[in-house]
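Let me begin by presenting the structure, written as structure tokens, before commenting on it.
The values are calculated or read from the model by the stated rules, or taken from the named source; none is laboratory data. Being a predicted model, the structure only gives us computed values, none of them experimental. Here the Cβ is made from the backbone with ideal geometry for all residues, glycine too, and neighbour counts use every protein chain on show.
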Amino acid sequence: MASTPPRPPADSIDAADDAREIPRRDFLRVAGAGAGLLLLGGCATDASAAVPGLHPKRRFPKLGGAKGDVVVIGAGVWGGWTALHLQQMGAKVTLVDAYGPANARATSGDETRGIRSSYGDRDGGELWVQWAREGMKRWKAFDAEWSEDVRQSLWHTTGDLIMRAEPEPFTKRTKLWWDQYKIPHEVLTADEVRYRWPVIDVEDITVVLSEPDAGVIRARRAAQTVVAAFESRGGKIQIGRARPSKIVNGQLKEIALDTGHIIGGDSFVFALGPWLGKMFPDVLENRTRTPLGYVCYFGVPMNDERFTFPNLPSWNFPGVTGWPALPVDNRGFRVRGSARPKTVPGAPPPPPRPRVETPPQQLDPDLSDRWADASRIEGPRRLLEQRFPLLKNAPILQTHSCHYELTSSQDFIVDRHPRMANVWLAGGGNAEGFKFGPVVGEYIAQRVLGDEGDPAIAKRFRIPAKEYDPTPPPTAAPAAPPPAKAAK
């Protein structure tokens, strides 16, 4: 990749004009600069009136500076959508990433992500339900706009099944909110599941909730396509690790890249995912954690389409989630989480697992090893044996691991840096952030451009005052959601 020598610092983003930039030929070739209006999902229409925190008639607030230059650091799904929304709102935007959009280290870099709205397990889940439903609409609109250009469907309407042995607060509250907001869903019996999807073992299941229009999206490809849409409309992408460089009177004036280049701007958004706490340890110390999560992709039987889309929904058992293989590339049947061993009446319970200390580098998104050893495969394979017995001997095609950025508030962070008034910190997806990308991106953009929106939502997304116990977690396994329900 070609690069030009660094030039002296400047107070404008123009100082980065000849910084290292991704050539168009090396990225996705997509539609022209006029595209991208539909993909934002009707954000400027009355359809957004029911979305808490988003302005029903999109306004275009002016930045304090004359030119409205914004630098977004982090080209994951949150950073990409934020840059795209800011661009449509009239700002001049540069997007920066240390490794490149949806790179192998990124949380947005996995093959797929589930998109659904069942958040009865969270105290603040009511807002998440509404934002997830809006995000679902926007992902579908984005796919309709761009899938032909990338020559691959990004969105797949699989439907989603939640299956439990007994009613739980999670299932009760999820259904309550679905009823309240008139979200399409079904309450099924175990016999109906057996009839529709006989490959699922539901022997002990008495509670089944179905969200028929939930789906699965190609995560890495979708994140890259969002950035390509931004680029196609004139946005600039820079590769390099950024750090705050010049601060004057409580305002950040420029960032420095490890390439030696300087980028100036009026406002800066750090949407760094698991790197956010590493970049700002003084602000987020003991308020974020970055455990590794693991997924396994299993090979489905040849000439057996029962385990591929569209013949099976995504599914959710206690502690484990997954979905069918997607055509045409068929990366595999995805399982995330670990099924517990079945208990035998009268038999002693299995001994507790020994405490495993996590090496410090395994909590660092730059240094962690991204492979799953045998202990990470036992639980997913046990799930197949218990719930999909025809796959109990299925081969593993690949594993994937990424860091999830958890917050002590168990909620998102969208807030100003306490000592740099024009710097915004955006993160804390809590293993759920991908599905919210189109909505969170608009919310961050309007906050950066001066529209606070709902004060109650702005308050809940502040940098949390609550701290974690300073003792690091004992293992590298993700620990955010309660064991009753795994995240997707």
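Between a first residue in the stretch 195-214 that is on the phi > 0 side of the Ramachandran plot and a second residue that is surrounded by fewer than 19 Cβ atoms within 10 Å (Cβ to Cβ) and part of a loop (DSSP other than H, G, I, E, B), which pairs have beta carbons less than 8 Å apart while being 6 or more apart in sequence or on different chains?
Here the result reads none, with nothing in the stretch 195-214 linked to a residue that is surrounded by fewer than 19 Cβ atoms within 10 Å (Cβ to Cβ) and part of a loop (DSSP other than H, G, I, E, B).
Tell me the strands (runs of 3 or more DSSP E) entirely within the stretch 220-269 that contain at least 1 residues that are closer than 23 Å to Gly109 by Cα and in contact (Cβ under 8 Å) with a residue 24 or more places away in the chain.
So the answer is 236-239, 242-248, 251-257.
Applying the selection to the stretch 341-366, what residues are over 30 Å from Gly76 (Cβ atoms) and of a type in the set (Ser, Thr, Tyr)?
Within the stretch 341-366, just Thr343 meets the criteria.
State all residues of the stretch 192-207 that are among the β-branched types (Val, Ile, Thr) and assigned to a helix (DSSP H, G or I); if no residue qualifies, say none.
Result: Val193, single match.
Only one of (1) at pLDDT 95 or above; (2) over 16 Å from the mean Cα position of the chain (by Cα) fails for Gly215. Which number is that?
(2)
Would you point out the residue of the stretch 164-191, among those that are in a loop (DSSP other than H, G, I, E, B) and touching a helix residue (DSSP H, G or I) at 6+ places or on another chain (Cβ under 7 Å), that is nearest to Pro327 (Cα to Cα)?
His185
Looking at Leu390, Leu383, which one is surrounded by 13 or more Cβ atoms within 10 Å (Cβ to Cβ) and in contact with a strand residue (DSSP E or B) (Cβ under 6 Å, 6 or more places away or on another chain)?
Leu383
Being farther than 22 Å from Asp282 by Cα, in a loop (DSSP other than H, G, I, E, B) and among the polar types (S, T, N, Q) is the requirement here; does Thr358 meet it?
Considered against the rule, which asks whether it is farther than 22 Å from Asp282 by Cα, in a loop (DSSP other than H, G, I, E, B) and among the polar types (S, T, N, Q), Thr358 comes out as yes.
Taking the stretch 184-219 on its own, how many of its residues are among the hydrophobic types (A, V, I, L, M, F, W, C) and over 14 Å from Pro313 (Cα atoms)?
6
Hey, any hits in the stretch 278-290 for a residue that's under 19 Å from Gln410 (Cβ atoms), within 15 Å of the chain's Cα centre (by Cα) and not in a loop (DSSP other than H, G, I, E, B)?
Scanning the stretch 278-290 turns up no residue that is under 19 Å from Gln410 (Cβ atoms), within 15 Å of the chain's Cα centre (by Cα) and not in a loop (DSSP other than H, G, I, E, B).
Checking Trp424 against (1) within 23 Å of Leu84 (Cα to Cα); (2) surrounded by fewer than 18 Cβ atoms within 10 Å (Cβ to Cβ); (3) not small (Gly, Ala, Ser), which single condition isn't satisfied?
If we test Trp424 against (1) within 23 Å of Leu84 (Cα to Cα); (2) surrounded by fewer than 18 Cβ atoms within 10 Å (Cβ to Cβ); (3) not small (Gly, Ala, Ser), just (2) comes out false.
Looking at the stretch 144-163, which of the residues that are outside any helix (DSSP H, G or I) and touching a helix residue (DSSP H, G or I) at 6+ places or on another chain (Cβ under 6 Å) is surrounded by the most Cβ atoms within 10 Å (Cβ to Cβ)?
Result: Leu154.
Among the residues of the stretch 92-117, count how many are small (Gly, Ala, Ser) and buried (at least 24 other Cβ atoms within 10 Å of the Cβ).
5
Against the condition over 28 Å from the mean Cα position of the chain (by Cα), among the aliphatic types (A, V, I, L, M) and crowded, with 19+ Cβ neighbours inside 10 Å, how does Ile205 come out, does it pass?
Yes: the conditions hold for Ile205.
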